[in-house]
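Report on the structure given below.
The values are calculated or read from the model by the stated rules, or taken from the named source; none is laboratory data. Note that the structure is a prediction, hence the values are computed from the model and not measured. No Cβ is skipped: glycine too gets one built from the backbone with ideal geometry, and neighbour counts run over all protein chains shown.
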Amino acid sequence: MGVAVWTRNQVTAQVLTYLDVPGLTNQVVDGLAERGLQIGAVILACLALVFWSQPTGKVVLGLTLALLVVLALIEFLGRRPAGAPVEAQAPVE
């Protein structure tokens with residue numbers, strides 16, 4: 001098991017223990033963490049564009065491409081390894 005997977009599992013376990021909310025699973029916590037990283041990346045790119053003194057078309061294109069790469073990395077690294085067990089969730093009533 002890699003360091004990233006171990007860290008994610010430990011943080012998820014701590015969050016689940018701390019919150020103790022019925023129906024909260026590892027998948028929900030992982031999804032929230034991934035969504036938070038995505039929102040943070042978009043906000044950072046927007047702030048860079050807003051505070052750039054005189055953005056040109058190349059700057060906008062560069063920031064957009066950098067944001068897409070970061071979002072792709074977040075998506076790629078956030079996936080569970082192939083063959084990893086998936087927890088069954090109870091149906092929500």
Condition check for Thr17: hydroxyl-bearing (Ser, Thr, Tyr), under 18 Å from the mean Cα position of the chain (by Cα), at pLDDT 70 or above and assigned to a helix (DSSP H, G or I):
no
### Query
Can Gln89 be described as in a loop (DSSP other than H, G, I, E, B) and at pLDDT 90 or above?
no
Taking region 49-63 and keeping only residues that are surrounded by 10 or more Cβ atoms within 10 Å (Cβ to Cβ) and free of Cβ contacts under 8 Å to residues at least 12 places away in the same chain, one is left with Trp52, Pro55, Val59, Val60, Leu61, Gly62
